[in-house]
Structures are given as structure tokens and as C-alpha cells.
Amino acid sequence: MSVVGIIAEYNPFHSGHEFLMNQARLKAGEDPIIVIMSGNYVQRGEMAITDKWTRAKYALTSGADLVFQMPFATSVQAADIFAKGSLEILSKLGCEELVFGVEDANLNFAYLGEKIKQIPENKMDFNDYTQTYSTQYNQMVAREVGREVNEPNIILALAYAVANADLAKKLKLSPITRVGANHDDLLEREKVVQSASAIRNLLLEQPDLADLKQWLPKAEAEQLLAQSVYPNWNLLFPFLKYKIESASLTELQQIYQMSEGLEYKLKAEIHEARDFTEFLRHIKSKRYTYSRLRRLCLYTLLGVTNEDIANSQADVSSVLLGYSKRGRNYLKKIRKDVELPIISKVDHKNSQIGSLALDVRVDRLFEQIIGPDQNFGQKPIEVK
């Protein structure tokens, strides 16, 4: 048996996540399952559909023992940085095994990770502006490992494998074949497991409980239906528009990942765009993926600079969102020796330092949309 880690967004927590949690429990036995979960912003550059505390609660009631918040500077990133930051946190928390869902669990990810690490740096110089960096990277990996790499979860799993190859104490990689819908599939009512994106789209259509409880824990479905607003880019677009139009080019140039003159493109296209989808379409080029541009828009909206990310990554802490009895006992056992600062209560002092300072700041906008304070006055959720 071993301490098992899961990297997740749970946006929202659904039956596919429950299946993976059950598989993790088979591996962990009586040892804890530790989840590193994105906070109120997720990898593809969006606000989560509901707050981090709600999502942590349903992970805990479905079998997780400890849920920690992934810092913003890790969670809203391309796959390689997302994976590296997450694996480092899990390693510091004493995890010995990583469980993750993929389209093909027969691949030897540990071997592939080591092989990708051996690719010479000169093969990583992607200067073909007719294709996105992601496409060029995936093509290069395919040439080196002898397999097409285009399924979203395999791309992320390979990023985990490469990050794991860098760790002094490597985790055992345990892929689990996904069941039901694929990553971005549209809603198919006959399937037991839907994609998280399909469920989010359904929520925007004001479904009834009978719709949601097929694919979510009933209590979570009820809570989501009672939620007064669901964060989405169309809701945020007027704020983004104001931010871009009111900022100077010099200010925009300080935004994290604002590169290759993108600030001029954003300025040129923002005024006439009627909604976020149209704006994205106008700034899209063969060089950048939609995910990359959504992240850039989110950094811009939140005023996240290169300095913010550098400070956050240099001083990482993790907020404890919740625990079970097994998780609490494990935390007591490791807390004195763990190399990672664990925050169980956000206060005036710790909220001004490193990754937590950025997390608290960006959550202020989320609070304007969703309501409750996301940090101050909150305490970890305890599940019996």
C-alpha cells in the first residue's frame, strides 16, 4: 500500500472522478489519498463553475483524505508547468504514487517520460509560426516515441511523466483507463459518465435536478442548482474589455505571457468585439492555441504580471481545503518534516507572502461573481 496522489480540477466533481477515486482507494488501501486541486481558476484560463470549497467537499465525501489548493501560478498554466508544480507538491507531501485517467492506460508513461527528457534542446526550438507551439511539441514527441500524441489526457499524462522524471524521489505512475465520455465530448444522455465541459454547458441552460443527479452526487447537484450565478467568460468579458482599453501598452507588456506583440493585437481587436468568443476568434492565429489565449486574457483581466508569477513560484505554499480522519492523522505525522508550508488558516501575515498572496488577490474577483470570501474566515472542511 502507498500514499496515493491525484491532480484534479473537479470542475465540477462528477461520476468519472468518482470512478478514479475508487480506483485510487484500491491502490491506497488504508493509506491516505491526497488531492491537489485547482483553486477558483482552472488550466484552460477560466473561472471554475463553483468555488474551491464546494468542489473540495465533494472530493472528500467521495473518498479523498486530504485536499490541497493548487496555487494559481501552477493551475493556470500550460501542461508542462501545471504538471511540474503539481508533482513537486505531491512529492513534498509524501505521495508515493500518482493515479490519473487516460484514454490508453497500456502506455508505459514512466519510460516515455524518461525518453522525452533525453530529447536534445535544439529539437525544442519551435519556430514554425504556421503551427502552434503545442502542435509542434506533440509532433516532435510523436517522432521520438513512435506514437501520435493528440488525446488531451495523454498529453497531460506525458507532462506528468516528464515532470516525474525530474523528481529526486519519483512517484509510481498508475494510469487508469477513462470510462464514458472523452474530455470535451458533448452531452450524451445515455452515458453514465459525461465530460465536465458538457456538464458546465448544461448548467448554463438551467437544467432540473433529474438531469444533473445522473452524473453528479445528488447533494452536489442540489447545491449547484441553488447557485445564483455560474462564472463564465461572457459574464467577465465587459471587465476584460475595460481592462484592455484602459491599460497602456506598457502596462499590458508587463502581463505574464504577453509576448511577440500580442498587446497590440488585443488593443486592436477589443473595442469592436461583441463577446468573448468573437474576441478570441479575432486574436487567434496559427501560433497560439485557444487555451493559451484564454489564459492570457485571464492574466490580463486579473493583472497578473511576470513578477507575480516569479514571486509565487519562488515561494510556494498550499492551502489545506479539507481532510478526513485518516487525512488528519497523516498530516499530524508528517507536518513537522514536510518541506511545503501548509496553510490551514489565511491571515493578514501569510496572505502577503509568495503564492498565497497571488491566490488571495485573484480570488477577489471570483468573490465579486460568486459571493462569499474565499480565504479569510474559512477553515478546512472536516469529513468524518
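Here are the numbers for the structure shown:
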{"read-out": "Contact order relative to length of the chain, as percent, for alpha carbon pairs under 8 angstrom and 6 or more apart", "value": "22 percent"}
{"read-out": "Charge-dipole axis of the chain as Lys and Arg at +1 and Asp and Glu at -1 on Cβ define it, positive-most pick from Y264, P231, S324", "value": "S324"}
{"read-out": "Solvent-accessible surface ranking, highest first, for L20, L202, L187 at 1.4 angstrom", "value": "L187, L20, L202"}
{"read-out": "Heavy-atom accessible area ranking, 1.4 Å probe, most first, across K325, K115", "value": "K325, K115"}
{"read-out": "Antiparallel content of DSSP bridges confined to the chain, in %, to 5", "value": "20 percent"}
{"read-out": "Whole-number percent relative contact order across the stretch 140-291, with pairs defined as alpha carbons under 8 Å at least 6 apart", "value": "10 percent"}
{"read-out": "Apportionment of accessible area to carbon and sulfur, the stretch 234-384, percent (1.4 Å)", "value": "50 percent"}
{"read-out": "Highest-MSF residue in the chain out of G327, G45, G29 [GNM, Cα springs under 10 Å]", "value": "G29"}
{"read-out": "Helical mean residue ellipticity (222 nm; -39500 (n - 2.57) per DSSP H run of 4+; nearest 500) of the chain", "value": "-14500 deg cm²/dmol"}
{"read-out": "Reachable aspartates and glutamates from K345, criterion Cα separation under 15 angstrom, eight or more residues apart if same chain", "value": "D359, D373, E382"}
{"read-out": "Net charge contributed by nearby residues that have their C-beta within less than 14 Å of T177 (K/R +1, D/E -1)", "value": "-2"}
{"read-out": "Peptides ranked, highest mean first, by Cβ atoms within 10 Å: ranges 133-146, 293-306, 51-64", "value": "51-64, 293-306, 133-146"}
{"read-out": "The stretch 202-251 versus the stretch 298-312: alpha-carbon centroid distance in Å", "value": "22 Å"}
{"read-out": "Sorted peptide list for 284-292, 70-78, criterion being average Cβ within 10 angstrom, highest first", "value": "70-78, 284-292"}
{"read-out": "Cleavage-rule hits, GluC sites (Glu not before Pro), the stretch 1-88, DSSP coil, Cβ neighbours within 10 Å at most 14", "value": "E30"}
{"read-out": "Gyration tensor verdict on the stretch 114-226 (Cα atoms; rounded if a/c is under 1.5, prolate if a/b is larger than b/c, oblate otherwise)", "value": "prolate"}
{"read-out": "The stretch 1-75: relative contact order in percent, alpha carbon pairs under 8 Å with at least 6 residues between", "value": "38 percent"}
{"read-out": "Calculated P(r) tail over 29 Å for the chain, as whole % of Cα pairs", "value": "43 percent"}
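The values are calculated or read from the model by the stated rules, or taken from the named source; none is laboratory data. Only a predicted model underlies this, so the values are computations on that prediction, with no experimental measurement involved. Every residue, glycine as well, gets a Cβ built from its backbone with ideal geometry; the counts of neighbours run over all protein chains shown. Note: areas computed on protein heavy atoms with side chains; ligands, DNA, RNA excluded. Shrake-Rupley method; radii C 1.70, N 1.55, O 1.52, S 1.80 Å.
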